[in-house]
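**Q** Here it is: the structure, laid out below.
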Amino acid sequence: MKHINTKCVQAGYDPKSGEARVLPIYQSTTFKYEDAKTLGDLFDFNASGHFYTRLSNPTVEAVEKKIAALEGGVGAMLCSSGQGATTATILTLCKAGDHLVSSSSIYGGSFNLLNITLRKMGIDTTFVSPDATEEELRAAIRPNTKLLFGESVANPALSVLDIEKWAKIAHENSMPLVVDNTFPTPINCRPFEWGADIIIHSTSKYMDGHAMALGGCVVDSGKFDWKESSRHADFCAPDESYHGLQYPEKFGAAAFIAKARAQMMRDIGMMMSPMNAFLLNVGLETLHLRMPAHCANAKVVAAHLMNHPKINWVNFPELADNKYNELAKKYMPNGTCGVISFGIKGGREAAAKFMESVKMAAPVIHVADARTCILHPASTTHRQLSDQQLIDCGVTPDLIRMSVGIEHIDDIIADIDEALENC
Ligand SMILES: *Cc1c(COP(=O)(O)O)cnc(C)c1O
């Protein structure tokens with residue numbers, strides 16, 4: 001299987017003669033064995049098989065294999081949400097007293113996780129601009145820094161991360177680069193090919209693609225050399241909770257994903273349910289068809305709004321005058337994603353009026369599914385903030401975020417134009 005389109009449809013599940021053609025839902029918490037020895041071997045990682053769905057399940061495992069194949073990694077772990085995937089990743093690499101450096105242009109939930117919740121647990125974050133120079137990145141690194149973190153295309157700012165530059169600084173300092181690749185998906189961006197070591201997804205977005213099932217995924221490139229890293233002695237130390245197991249010794253290239261599962265999934269339990277893995281797999285089967293359709297529609301909408309007399313500005317990395325256009329062309333030559341943002345003349349009031357006036361595009365909090373949807377943060381998610389506070393966090397009062405769906409482009413444009421007539 002060479003092509004990503006084929007992997008979307010086929011990877012991860014290969015039924016034997018007489019077995020179900022479609023990936024079955026193994027709706028079972030537990031798995032039967034004939035003798036205690038086999039079960040003991042499974043517990044000690046001396047045999048492979050499933051025994052309890054918190055740690056592994058055949059439906060979930062098939063979809064993990066598919067996503068690992070799509071990203072080009074050695075293994076993947078599905079989680080109950082994108083937030084779960086980010087938490088599992090950071091807690092596998094950091095303990096109280098450790099530190100990480102993150103792009104400041106990240107999803108609000110991830111920002112809160114790093115800025116509030118992980119700080120309470122003693123894990124400190126320095127935020128730097130996604131456009132930080134090599135010197136600025138180096139200056140943010142401390143002796144206890146364990147990783148660099150950023151989003152390939154940030155939600156909602158739509159900044160594009162210079163993955164190669166960030167990977168270079170991470171590796172120079174013997175630490176991994178973790179990239180959240182939710183918005184472009186592996187169809188449009190392949191962070192491992194540019195040096196990223198670990199990829200995170202909120203599968204709730206384009207991967208599921210239908211807004212049916214929350215989910216997250218962690219993918220391991222298998223390329224980071226934990227034993228060579230002066231900063232990750234902890235990572236290689238014997239695990240007391242597995243009678244002295246050493247992950248790089250036991251699992252080789254897949255040490256990170258094995259440790260994430262053996263420790264974080266075992267102890268915290270943010271696993272994906274078999275039912276949600278089944279739904280996610282249905283979404284993944286058409287990811288290669290949906291992503292180009294989202295991108296093509298978003299490009300037309302962005303160009304249309306650029307020329308509209310009632311629009312102040314449009315933010316979409318694929319526009320020639322966008323600050324991130326060069327990086328977008330380098331890392332995502334076939335397109336970025338279907339999310340754009342724009343400002344309406346008339347500020348907060350006109351934007352609120354627009355949101356009330358669209359008919360097909362539904363106002364929802366979600367992004368990145370088949371249906372076009374919009375959000376005016378100043379009158380919804382950010383309504384407690386003053387105009388100045390909004391500007392300080394990069395959300396202007398006139399900002400509308402639009403997740404362009406895969407309906408016919410003429411219907412999307414007609415809906416926007418009719419709504420703008422009311423503004
Ligand atoms: C939505 C999102 C998340 C969080 O994912 P959930 O599945 O909602 O927990 C993380 N990162 C990005 C870029 C997202 O868009």
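**Q** For region 379-420, which positions are within 13 Å of PHE354 (Cβ to Cβ), assigned to a helix (DSSP H, G or I) and modelled with pLDDT under 95?
**A** Of everything in region 379-420, just one residue is within 13 Å of PHE354 (Cβ to Cβ), assigned to a helix (DSSP H, G or I) and modelled with pLDDT under 95, namely SER379.
**Q** Still on this structure: Quick one: is ASN188 away from the ligand (no atom under 15 Å from the Cβ) and in contact (Cβ under 8 Å) with a residue 24 or more places away in the chain?
**A** When the stated conditions are applied, ASN188 does not pass them.
**Q** Further question: Out of curiosity, is ALA351 within 17 Å of GLY108 (Cα to Cα), small (Gly, Ala, Ser) and not in a strand (DSSP E or B)?
**A** No.
**Q** So which residues in region 376-408 are surrounded by fewer than 16 Cβ atoms within 10 Å (Cβ to Cβ), among the β-branched types (Val, Ile, Thr) and under 20 Å from ILE311 (Cα atoms), if there are any at all?
**A** Across region 376-408, the qualifying residue is only ILE391.
**Q** Against the definition (open to solvent by 10 Å² or more (accessible area, probe 1.4 Å) and more than 19 Å from the chain's Cα centre (by Cα)), how does VAL301 come out, yes or no?
**A** no
**Q** Condition first: farther than 15 Å from LEU420 by Cα and touching a Cys at 6+ places or on another chain (Cβ under 8 Å). Now tell me which residues in region 319-349 satisfy that.
**A** If the condition is that a residue be farther than 15 Å from LEU420 by Cα and touching a Cys at 6+ places or on another chain (Cβ under 8 Å), then TYR331, MET332, ASN334, GLY335, THR336, CYS337, GLY338 are the ones that fit.
**Q** Between THR133, THR203, THR182, which is in contact with a Ser or Thr (Cβ under 6 Å, 6 or more places away or on another chain) and either of a type outside the set (A, V, I, L, M, F, W, C) or within 13 Å of the ligand (Cβ to nearest atom) (or both)?
**A** Every option except THR182 fails the conditions.
The rows are residues; the columns are (1) surrounded by 23 or more Cβ atoms within 10 Å (Cβ to Cβ); (2) at negative phi; (3) over 15 Å from the mean Cα position of the chain (by Cα).
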residue	(1), (2), (3)
ASN115	no, yes, yes
ASP131	no, yes, yes
ARG142	no, yes, yes
ALA170	yes, yes, yes
ASN188	yes, yes, no
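**Q** Something else about it: Here are some residues: SER159, SER174. Which one is open to solvent by 10 Å² or more (accessible area, probe 1.4 Å) and among the hydroxyl-bearing types (Ser, Thr, Tyr)?
**A** Result of the check over SER159, SER174: SER174.
**Q** Moving to a separate point now. Quick one: which helices (runs of 4 or more DSSP H) sit completely within region 6-96 and have at least 1 residues that are at pLDDT 95 or above and open to solvent by less than 50 Å² (accessible area, probe 1.4 Å)?
**A** So the answer is 58-71, 82-93.
**Q** Next up: Between a first residue in region 88-112 that is over 21 Å from VAL160 (Cβ atoms) and a second residue that is open to solvent by less than 20 Å² (accessible area, probe 1.4 Å) and assigned to a loop (DSSP other than H, G, I, E, B), which pairs have beta carbons less than 6 Å apart while being 6 or more apart in sequence or on different chains?
**A** CYS94/ILE123; ASP98/ILE123
**Q** Select from region 97-107 the residues that are open to solvent by 40 Å² or more (accessible area, probe 1.4 Å) and modelled with pLDDT under 95 and write down the one among them that is nearest to the ligand (Cβ to nearest atom).
**A** Per the stated criteria, the residue is TYR107.
**Q** List the number of the failed condition for MET207; all other conditions in (1) part of a helix (DSSP H, G or I); (2) open to solvent by less than 10 Å² (accessible area, probe 1.4 Å) hold.
**A** Just one mismatch for MET207, condition (1).
The values are calculated or read from the model by the stated rules, or taken from the named source; none is laboratory data. None of these values were measured; they are calculated from a predicted model. Methodologically, a virtual Cβ is constructed for each residue, glycine included, from the backbone with ideal geometry; neighbour enumeration extends over all protein chains shown. Note: areas computed on protein heavy atoms with side chains; ligands, DNA, RNA excluded. Shrake-Rupley method; radii C 1.70, N 1.55, O 1.52, S 1.80 Å.
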